[in-house]
Amino acid sequence: MVTKQRMLEIGENLPRPSRGDIETKGPHLPPGVTSGSYQCAPPLIRPSKLTIKEKGGVGKELSDGWNLNFAVGCIHACPFCYVDAIHKRFGESRYGSAVRSRWGDYFLVPSNLEDAITRTPWRRWEGKEAMMSSTHDPYLPTLAPWARRILEAALPAGVRICLQTRSFLVTKDLDFLASYPEQVRLQASLATMNRDLARLIEPRVPPSEARLEVLRQAKKHGLKVGVILAPIFPPTRLRPDFEADLVDMIHRLEAIQPDHVYGESLHARGENMSLVEKALGEKIFVNSTFDEAAERVFHAELKKAQIAGTWWPR
């Protein structure tokens, strides 16, 4: 059994700040993380390709073609993440040399975020769904108060939100989010139930059991909930039986009955494969054969659990 204290291990019981009290640099960052700020330009909602192909996207139904990002970097430090390559390729001129640091060891928040929230014309996106967030977790300890502030501006204006988080801190805002059940779908990702593997590929993320508890609580609050089973790793020394691991994850979802489930195997993006192999201390092989095998297990087990799901192919 995972206790609430364990679920909150990378966060704290933060008080809800009054307007103007939030700081862009706080004490809630792991040792060694370079913190800082930058100037963002409103509006906070920007175009995104994380939507279906019919809407000009890449085939992922995670928004109506919009994202809502409000930080640079993510202290979860997952080596498989593709975002670091984007920041390192395009971000130094805008965000400075901090982005040269190892992924997970730089974290920047806009110094003018309050002004950007005020100046974003939220009603322009009334009825549109934006993903919050596509390049960082919106409920990291330093960001959680800002996430609430943004949601308090966006939801009353009619913006629909695909809220993607792996943080237990979001449970503090479930009562508020439940006031907008038709506008919010809360989504978490799971990569493995193997704790030894998780410690290496999700080093600063709350355990998978905590994320499942977030989904349970959100469901009880009447929210639509979703899951991304990703990235599904091929066999590793720590977890040789990928199929049993994937079956275990879906079995645990059966009791929750999420409204939507997506699945995706590990993909090579930027330098993530070299970071993954360094973290695991072994070579990792991903190819279409593994992708197809994982997809078969995914669909077969979801069918048994009577849960609809979509697999994102390589």
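The values are calculated or read from the model by the stated rules, or taken from the named source; none is laboratory data. Bear in mind the structure is a predicted one, so any value in this text is a computation, not a measurement. Positions of Cβ are backbone-derived with ideal geometry, glycine not excepted, and every protein chain shown enters the neighbour counts. Surface areas here come from the heavy atoms of the whole protein model, side chains and all, with no ligands, DNA or RNA. Shrake-Rupley method; radii C 1.70, N 1.55, O 1.52, S 1.80 Å.
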First in the range 36-62 and among the β-branched types (Val, Ile, Thr), second anywhere and open to solvent by 90 Å² or more (accessible area, probe 1.4 Å), Cβ under 6 Å, 6 or more apart: ILE52/GLU61; VAL58/LYS49
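Considering only the range 147-249, give the strands (runs of 3 or more DSSP E) lying wholly within it that have at least 2 residues that are surrounded by fewer than 21 Cβ atoms within 10 Å (Cβ to Cβ). Walk me through it before giving the result.
On the way: elements: 160-164, 184-190, 224-232.
In the range 147-249, 224-232 are the strands (runs of 3 or more DSSP E) which contain 2 or more residues that are surrounded by fewer than 21 Cβ atoms within 10 Å (Cβ to Cβ).
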Looking only at the range 22-49, and only at residues there that are open to solvent by 60 Å² or more (accessible area, probe 1.4 Å) and farther than 30 Å from PRO207 by Cα, the one that is modelled with the lowest pLDDT: GLN39
ILE52 vs. criteria out of contact with any Lys or Arg (no Cβ under 7 Å at 6 or more places or on another chain), open to solvent by 40 Å² or more (accessible area, probe 1.4 Å) and aliphatic (A, V, I, L, M): yes
Filter pass, TYR106 being more than 26 Å from PRO156 (Cβ to Cβ) and either of a type in the set (Lys, Arg) or under 18 Å from the mean Cα position of the chain (by Cα) (or both): yes
